[in-house]
Amino acid sequence: MTTQHLASAARRQEITDAIRLCEYYYQDAITRIYSLRERAWDALAALVNVPRKKTGHEQFRRGVLARLGADYPELKKSFEKLLTTIDIDLKNRNITTHQTLLFFGITLTHDFRDTYEVDSVLMWRDPENPASKELQAMIRKALNRFVSQEAKQFRETTSQALEVERLCFDAIRKKSW
């Protein structure tokens, strides 16, 4: 669904609407990925009998992975692959949650020293000016490239999450509680 929303947003006629909606859908997706990871940790912890404690995430996670490795090595391998797949998205989620809003940036120099929010750059310019139209086309192309890359990433994440879910379901079904 997220990939469809991103693609639809990028096709908006008004470039600023396309940008804002892509930012929104991307941020929504990485928040959902964070929730997916946390729910997976909880399900896997229940499977291997590792309770969550107030001692911190790292001790809890090490305990879950150690027990998974001993009892369900294939599931552990699949889950670790999921964690690797979502690593960048989670870093971006942490930035937007704890530091600053995510935005599409543009640099107008070749040395990338100054990065500006794309919305602001578009507002500074007359939309009918030929240079502005060229800039809009460049931004549209970059936006489409971003959407394409993220759609591929989200499909990989979904595929890997479904594999973890399948292995976890099989393990839960076979476990004698």
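Read-outs throughout are calculated quantities, based only on the coordinates presented, and are distinct from any laboratory measurement. Note that the structure is predicted; figures quoted are calculated from it, not measured. Positions of Cβ are backbone-derived with ideal geometry, glycine not excepted, and every protein chain shown enters the neighbour counts.
Would you mind counting up the charge near residue 127? Only other residues with Cβ under 15 Å from its Cβ, with Lys and Arg at +1 and Asp and Glu at -1.
-2
Could you grab the relative contact order for the stretch 2-174? Cα pairs under 8 Å, six or more apart, rounded to a whole percent.
In percent, rounded to a whole number, it is 31.
Loop by DSSP (not H, G, I, E, B), at most 14 other beta-carbon atoms within 10 Å: where is the longest site-free stretch of the chain for GluC sites (Glu not before Pro)?
15-127
Taking the stretch 31-69, which trypsin sites (Lys or Arg not before Pro) meet the DSSP loop condition and have no more than 15 other C-beta atoms within 10 Å?
Filter output for the stretch 31-69: 52, 53, 54.
Using Cα pairs closer than 8 Å and at least 6 residues apart in sequence, work out the relative contact order for the stretch 69-135, in percent.
Once normalised by length, the contact order is 14 percent.
Once R0 is set to 41 Å, what does the formula 1/(1 + (r/R0)^6) return for the Cβ-Cβ distance between residue 102 and residue 174, expressed as a FRET efficiency to the nearest 0.05? Before the final figure, lay out each step's value.
On the way: r = 42 Å, r/R0 = 1.01.
The computed FRET efficiency comes out at 0.50.
Starting from the stretch 141-177, pick out the trypsin sites (Lys or Arg not before Pro) whose DSSP state is loop and whose Cβ has at most 14 other Cβ atoms within 10 Å.
175
Quick check: from the Cα gyration tensor, does the stretch 2-174 come out rounded (a/c under 1.5), prolate or oblate? If you can, show how the numbers build up before the last one.
Numbers: a/c = 3.46, a/b = 2.47, b/c = 1.40.
Prolate, since a/c reaches 1.5 and a/b exceeds b/c.
Residues in the stretch 1-16 near a label at residue 146, defined as backbone nitrogen under 13 Å from the 7 Å Cα→Cβ point?
So the set is 6-7, 9-11, 15-16.
Please give the net charge around residue 12, taking every other residue with its beta carbon less than 11 angstrom from that of residue 12, where Lys and Arg add +1 and Asp and Glu add -1.
+1
Multiplying the sequence separation of residue 123 and residue 31 by 0.36 nm and subtracting their Cα-Cα distance, what value in nm do you get?
Working: separation 92, 0.36 × 92 = 33.12 nm, distance 2.88 nm.
That pair, residue 123 and residue 31, stretches by 30.2 nm at full extension.
What does the extension gain come out to for residue 155 and residue 80, with contour length at 0.36 nm per residue minus their alpha carbon separation?
25.3 nm
How big is the dipole moment of the chain about its Cα centre under a simple scheme where the beta carbon of each Lys and Arg is +1, that of each Asp and Glu is -1, and everything else is neutral? Debye, nearest 20, please.
For the chain, the charge dipole is close to 940 debye.
Just tell me, in residue order, which DSSP H segments of the chain are both 15 angstrom or longer along the helix axis (alpha-carbon based) and at least 0.0 in mean Kyte-Doolittle hydropathy.
15-48
When the chain is treated as a GNM, springs tying every alpha-carbon pair under 10 Å, which of 120, 78, 159 comes out with the largest mean-square fluctuation?
Highest fluctuation of the listed residues: 120.
Farthest toward the dipole's positive end in the chain, which of 5, 64, 22, given Cβ charges of +1 (Lys, Arg) and -1 (Asp, Glu) about the Cα centre?
It is 64, whose Cα lies furthest towards the positive end.
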